[in-house]
Amino acid sequence: MHFEDYWYVLVESKELKANRVLQRRVLDQTLVCFRDRDGGPVALRDRCLHRNAPLSAGRVRDGLLFCPYHGWTYDGRGRVVLIPSMGRSSDLCSPPYQTIERDGYVYVCLNRNVPTGIAPFPMPHYGEGGWKNLRLQNRFASDVSNCVENFIDIPHTAFVHRAIFRSSSGERLTATVSRSNAEVHVTYRNERANLGTYRWFLNPAGNEIRHTDSFYAPNVTSVVYELGAKAFIITSQAVPVAAQETLVYTDLTYRFGIFNALAAPFVRHHGQRIIDQDIKILRQQMEVIRRYGKEFHDTPADAIHGFVDSIRDAIARREDPRALPPLTREIEFHV
């Protein structure tokens, strides 16, 4: 297996309107996407077969894509259905990449033969009654590995997101970290009060919080907080644009009962504020990595990152990470 074997978010469904053409880049591959005559999503290489003009600079009408240079016309299967200068069609075809539309996203796989058992990550509680979902897009000047590490890293929150999310208080946490089936899960214990600005709303009684962080190969993280009847889930899909550029789609999914609608502007504002702080620190980290190389010194609290790296390293070696042996580790640290 390799990174091309997985599904990545190409666009949000609402972005890909009829008669609209968009350009996206995934794993350094530049793609053009549009909707065919039936409204289905199409992804082709952003290159006209005639003279290599970018198809994304063209236009779409009635599910057909017109090259901006000489008008060569492509259908949803990538077939050249009209060469205007010749007044006829052609046997030429730009084979489309496989796409799937679900949970408000259009996904693409760059391997036209998707391996068995590989599917897009199902977004938790999407469109489910009693839950509210907010969606953000942000571009990080960092690679996927650094991004996913950041998204499931507790210790940095007390410093990068001081007071907004957590403060450094010396709270002792314990956790079980496990790796199996190309997934990493961390179940935390003893977490009660260190929730920053909105502790009074999220956990006023100071009860123990049920908190789980997860990684799903090769690029998805999920952070789940259960606080009595309330719940908050942060799902991040880190799409590799280029070696040091990652487009992250973040879903903020929560269940606050009668406060769902009222909380939305606050959740969106503070969610984006926290992401902006992560964008800044990851950009600074990448600048240092470019100068000095990527050499880390781990602590026991970094066990989750070692497990994640072992999965991504296996994929980089073109191995199936699902074949890695299960591992479990108990850790403790202060935050």
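The values are calculated or read from the model by the stated rules, or taken from the named source; none is laboratory data. Fair warning: this is a prediction, and the values are worked out from it, not measured in the lab. Reconstructed Cβ throughout: ideal geometry from the backbone, glycine too, with neighbour counts over all protein chains shown. Quick note on the areas: whole protein, heavy atoms, side chains included, nothing else; ligands and nucleic acids left out. Shrake-Rupley method; radii C 1.70, N 1.55, O 1.52, S 1.80 Å.
The one condition from (1) open to solvent by 40 Å² or more (accessible area, probe 1.4 Å); (2) under 27 Å from Q237 (Cβ atoms); (3) of a type in the set (A, V, I, L, M) that L16 does not meet is (1).
Within segment 120-148, which residues are open to solvent by less than 50 Å² (accessible area, probe 1.4 Å) and not in a loop (DSSP other than H, G, I, E, B)? Within segment 120-148, N133, L134, R135, L136, N138, F140, V144, S145, N146, C147, V148 qualify.
When D298 is tested against the conditions (1) in a loop (DSSP other than H, G, I, E, B); (2) of a type outside the set (K, R); (3) at pLDDT 95 or above, the lone failure is (3).
Among the criteria (1) touching a His at 6+ places or on another chain (Cβ under 6 Å); (2) over 23 Å from V11 (Cβ atoms), the one H305 does not fulfil is (1). Apart from one condition, V108 fits all of (1) surrounded by fewer than 18 Cβ atoms within 10 Å (Cβ to Cβ); (2) among the β-branched types (V, I, T); (3) outside any loop (DSSP other than H, G, I, E, B); the exception is (1).
Has segment 78-91 got at least one residue that is touching a strand residue (DSSP E or B) at 6+ places or on another chain (Cβ under 8 Å) and either touching a residue at least 40 places away in the same chain (Cβ under 8 Å) or under 30 Å from I311 (Cα atoms) (or both)? Taking every residue of segment 78-91 in turn, none turns out to be touching a strand residue (DSSP E or B) at 6+ places or on another chain (Cβ under 8 Å) and either touching a residue at least 40 places away in the same chain (Cβ under 8 Å) or under 30 Å from I311 (Cα atoms) (or both). Taking segment 61-79 as the range and being in a strand (DSSP E or B) and either over 22 Å from K17 (Cα atoms) or open to solvent by 10 Å² or more (accessible area, probe 1.4 Å) (or both) as the test, the residues that pass are R61, L64, F66, R79. Any residue at all in segment 264-283 that's under 30 Å from L110 (Cα atoms), out of contact with any strand residue (DSSP E or B) (no Cβ under 6 Å at 6 or more places or on another chain) and open to solvent by less than 20 Å² (accessible area, probe 1.4 Å)? Among the residues of segment 264-283, at least one is under 30 Å from L110 (Cα atoms), out of contact with any strand residue (DSSP E or B) (no Cβ under 6 Å at 6 or more places or on another chain) and open to solvent by less than 20 Å² (accessible area, probe 1.4 Å), which makes the answer yes.
Scanning segment 92-108 for residues that are touching a residue at least 40 places away in the same chain (Cβ under 8 Å) and either touching a Ser or Thr at 6+ places or on another chain (Cβ under 8 Å) or acidic (D, E) (or both) yields E101, G104, Y105, V106, Y107, V108.
Yes or no, residue by residue, for (1) aromatic (F, W, Y); (2) farther than 28 Å from D5 by Cα; (3) out of contact with any Pro (no Cβ under 9 Å at 6 or more places or on another chain); (4) free of Cβ contacts under 8 Å to residues at least 24 places away in the same chain:
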residue: A261; (1), (2), (3), (4): no, yes, yes, no
residue: R268; (1), (2), (3), (4): no, yes, yes, no
residue: Q272; (1), (2), (3), (4): no, yes, yes, no
residue: H305; (1), (2), (3), (4): no, no, yes, no
residue: D309; (1), (2), (3), (4): no, no, yes, no
residue: D313; (1), (2), (3), (4): no, no, no, yes
residue: E319; (1), (2), (3), (4): no, no, yes, no
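Name every residue in segment 12-49 that is touching a strand residue (DSSP E or B) at 6+ places or on another chain (Cβ under 7 Å) and assigned to a loop (DSSP other than H, G, I, E, B), in order of residue number. Listed by number, the residues that qualify are L16, A18, N19, R20, V21, L27, D28, D36, D46, L49.
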